[in-house]
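Heads up: the structure comes next, in structure tokens.
No lab work stands behind these numbers, since they all come straight from the coordinates. Keep in mind that this is a model prediction, so the values were computed, not measured. Cβ placement follows ideal geometry from the backbone for every residue including glycine, while neighbour counts extend to all protein chains displayed.
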Amino acid sequence: MAAPIALSVSVFIISIVAYGIHDLLTNFEDNGCEMTYMFEYPEYQKIDIGDGQEKYPNYALHIYGEGVYANRIRNLQLNGIPVLFIPGNSGSHKQVRSLGSVALRMAERSRIKVHFNYFVVDINEELSGLYGGVLKKQTEFVHLCLQKILNFYKNAKNPPSSVVLVGHSMGGIVARGLFALPDFDSAMVNTIITQATPHQKPVVSFDEDLHNYYKRVNGFWRSEGGQADLRHVTVVSTGGGHRDVQVRYALTRLDGIVAANRAISASTTSIPKSWVSTDHRCSVWCRQMVLITQRALFDVVDPRTNQISEDADFRMKVFKHHFQSNNALPNYLTHANDSIKLDPKAQWEIKGERSWTFMNRKITKNMYFAVPLRVEEASDSIIVLSNLTNPEWLCYCDIPVGKTSCETCTSLSTHIRLLPPLYSNTKFARISFRDFEVANDTHIVISIPAGQRKISITSDRYNSDERHLVYHLPNSWDSVISYPISATDGAAMLRIQNQSVFYSLHLAGLALPTTAYKALIIPLGCRRHSAESNEGSILRLNVPWSNEETYSFSSYGKMASLMIKLQTPRPLSLAWDWHLDDSVEPHLEMFLHPYCHYQLRLLASAPDSLGQKYLEWDCPG
């Protein structure tokens with residue numbers, strides 16, 4: 001009797017484990033990456049690196065080209081900006097073609113006549129993520145290639161003094177490993193961009209060589225001497241989110257390795273104009289990420305030298321704009337409090353309603369909407385959403401009693417952020433009246449220039465006590481005890497009436513990747529409305545300690561759902577704060593259509609929780 005019981009228990013446990021692994025490997029969003037296409041036939045011209053080639057017979061250096069450009073660079077008399085792509089574990093040198101091809105197309109349209117020369121190392125598709133014995137040899141070969149690359153620019157008008165490094169997977173570790181070489185000149189590299197690179201530790205550590213390589217490289221970057229040598233180096237690390245089951249996002253972060261003022265870590269799900277999760281391979285060709293990376297590289301070019309700027313602070317501002325907080329402004333250095341001169345001949349309209357929406361097919365003359373901030377005593381916040389394309393579209397000014405306009409206003413551009421879906425040009429600004437000095441005559445001003453088409457603007461003035469709420473998530477044990485009710489009925493926590501555009505729900509107790517929930521926004525009724533394809537509701541899970549955001553968009557009148565699960569655990573050093581602090585607590589933000597009223601439900605997700613258990617293996621520490 002005991003044997004059948006033991007067998008049944010064993011089968012049950014194995015089934016649970018297998019189910020959790022299956023969920024981890026399969027239960028994630030569809031691949032939202034667009035393809036990157038080549039317009040001409042790609043060519044990988046092999047470069048003779050001289051005497052050093054004998055020491056590395058299985059490795060090679062190539063330069064990427066297409067069409068006319070490929071013919072132009074055959075003599076290797078170069079005058080562009082050098083970039084070296086380093087493949088990762090079992091990676092091919094042909095993975096450079098997406099970045100290289102997009103760089104060529106963008107150079108043709110660039111306002112400043114600069115272009116990038118993409119080099120790539122062929123490291124024989126070695127399994128560097130499993131066997132660390134090849135990493136030292138790869139690092140030394142890359143060092144040799146950097147010296148060779150810079151020699152190609154001796155006759156250039158403005159020869160570069162450094163090479164940009166882009167590393168995929170273990171290629172990013174090799175890029176950082178260069179600086180730990182005893183004879184490496186750190187001035188040769190000032191910019192590193194890594195894609196799905198496990199910086200914190202190896203995904204799996206089968207041999208001592210791999211462990212020792214990480215220990216030596218990360219030890220150098222963490223040391224005081226290393227920090228001094230690396231002050232000029234900026235590092236960007238992107239992780240693929242839940243779709244990358246090979247290298248989890250927690251491993252790609254640079255926390256505790258690269259100085260905070262020289263490092264950016266971001267999940268592709270949170271990067272503006274990406275908003276997609278990338279699996280490990282597609283991170284090199286995902287069009288959204290390729291475009292963002294290449295725009296950032298063009299923007300860090302110094303127009304005086306047509307080379308990458310040597311100002312590390314400037315590069316960090318550019319990278320933060322593209323990889324963290326894009327506010328849709330062409331000038332990412334725009335500061336708050338900039339004064340904007342307004343058109344004295346434009347039409348003005350005071351919008352005193354608490355919530356309002358304006359839609360128009362075409363604007364024929366300049367307009368300004370002025371929204372008073374002190375009409376209702378209970379209001380202390382405002383959110384404005386729009387698809388306007390003019391850069392400085394939101395500001396504030398004081399309009400005295402008896403007047404209907406102002407001559408100048410102060411920019412609110414630092415509050416603006418982009419929202420999905422891609423190509424919708426949707427942006428929002430959520431402003432607390434405490435963010436600046438508000439008087440009784442203070443107004444938010446929305447600028448609408450002539451010529452704008454199919455515009456949509458929504459404004460909602462509200463009391464944060466009613467819209468910024470706290471919900472204490474039940475722990476895993478509570479969810480098990482209440483199963484299946486917790487997974488089917490959930491909690492009908494919130495009914496949202498018409499014209500309520502924004503809610504923020506702080507998820508108290510969400511600290512570990514081992515729990516998972518599903519958020520549902522269910523429209524209970526919507527006004528009959530001829531909606532555009534980009535109209536609807538948006539859910540955003542914001543995890544502030546890891547720049548980890550996930551989004552979900554649903555069209556007008558459709559249910560929206562979003563998985564509530566972490567990729568990185570809450571740091572032990574982060575104090576618990578049960579107050580409404582967006583910079584500390586994870587929170588679910590809901591951007592809703594004003595013509596609908598909704599119900600919010602949170603459901604416990606047992607399958608996702610099982611899959612999340614295996615994340616503990618990948619979390620640093």
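Only Lys, Arg, Asp and Glu carry charge here, each on its Cβ (+1 for the first two, -1 for the last two); on that basis segment 339-462 has a dipole of about 680 debye about its Cα centre. Go ahead and run the numbers for FRET between LEU329 and GLU349, Cβ-Cβ distance against an R0 of 30 Å, rounding to 0.05. Between LEU329 and GLU349 the formula returns 0.75. Electrostatic bookkeeping for HIS321 treats Lys and Arg as +1 and Asp and Glu as -1; over the other residues with beta carbon under 10 Å from its beta carbon, the sum is +2. From the residues ALA560, LEU291, GLN195, which one has its Cα farthest along the dipole of the chain in the positive direction, the dipole being from +1 and -1 charges on Cβ of Lys/Arg and Asp/Glu about the Cα centre? My answer, from the dipole projection, is LEU291. Other residues within the sphere of radius under 13 Å centred on the Cβ of SER161, judged by their own Cβ, net out at -2 (K and R +1, D and E -1).
Using a cutoff of 8 angstrom between alpha carbon atoms and counting only pairs six or more residues apart, the relative contact order for the chain works out to 13 percent.
Determine the alpha carbon to alpha carbon distance for each of LYS518/LYS565; LYS94/LYS320; LYS94/LYS273 and list only those over 20 Å.
LYS94/LYS320; LYS94/LYS273
Which of the following values of P(r) over Cα pairs in 20 Å bins from 0, in percent was calculated from the structure shown: (1) 18, 47, 30, 5, 0; (2) 14, 33, 28, 16, 7, 2, 0; (3) 18, 51, 26, 5, 1, 0? So the structure-derived entry is (1). About the centre of its Cα atoms, the chain shows a dipole size close to 1560 debye [charges on the beta carbon of Lys, Arg (+1) and Asp, Glu (-1) only; nearest 20 debye].
For segment 339-462, the convex hull spanned by the alpha carbon atoms encloses 102 Å³ per residue. Over segment 42-323, the ratio between the Cα radius of gyration and 2.2 N^0.38 Å evaluates to 0.92. Fewest-first ordering of ARG287, ARG222 by other beta carbons within 10 Å of each residue's beta carbon gives ARG222, ARG287.
Going from the residue with the fewest nearby Cβ atoms within 10 Å to the one with the most, ARG434, ARG176, ARG243 rank ARG434, ARG243, ARG176.
Grab the other residues whose beta carbon is less than 13 angstrom from that of LEU146, score K and R as +1, D and E as -1, and report the net.
-2
Applying 0.36 nm per residue to the separation of GLU224 and LYS113 and subtracting their alpha-carbon distance, the gain on full extension is 36.0 nm.
On the beta carbon distance between THR389 and LYS55, with R0 = 51 Å, the FRET formula returns roughly 0.40. Each stretch of four or more DSSP H residues adds -39500 (n - 2.57); spread over every residue of the chain, this sum gives -6500 deg cm²/dmol at 222 nm. In µm²/s, what is D for segment 40-87 at 25 °C and 0.890 mPa s, where D = kT/(6 pi eta Rh) by Stokes-Einstein and Rh is the Kirkwood radius from Cα pairs? Approximately 202 µm²/s, per Stokes-Einstein. A Cβ-based charge dipole, computed about the Cα centre of segment 42-323 with Lys and Arg at +1 and Asp and Glu at -1, lands at about 940 debye.
Only helices reaching 15 angstrom along their own axis (Cα) with mean Kyte-Doolittle hydropathy no lower than 1.0 count here, and for the DSSP H runs of the chain these are 2-26. Taking other C-beta atoms within 10 Å as the exposure proxy, HIS199, HIS242, HIS597 rank HIS597, HIS242, HIS199 from fewest upward.
Placing unit charges on each Cβ (+1 for Lys and Arg, -1 for Asp and Glu) gives segment 339-462 a dipole about its Cα centre, and among LEU422, TRP348, SER411 the Cα reaching farthest toward its positive end belongs to LEU422.
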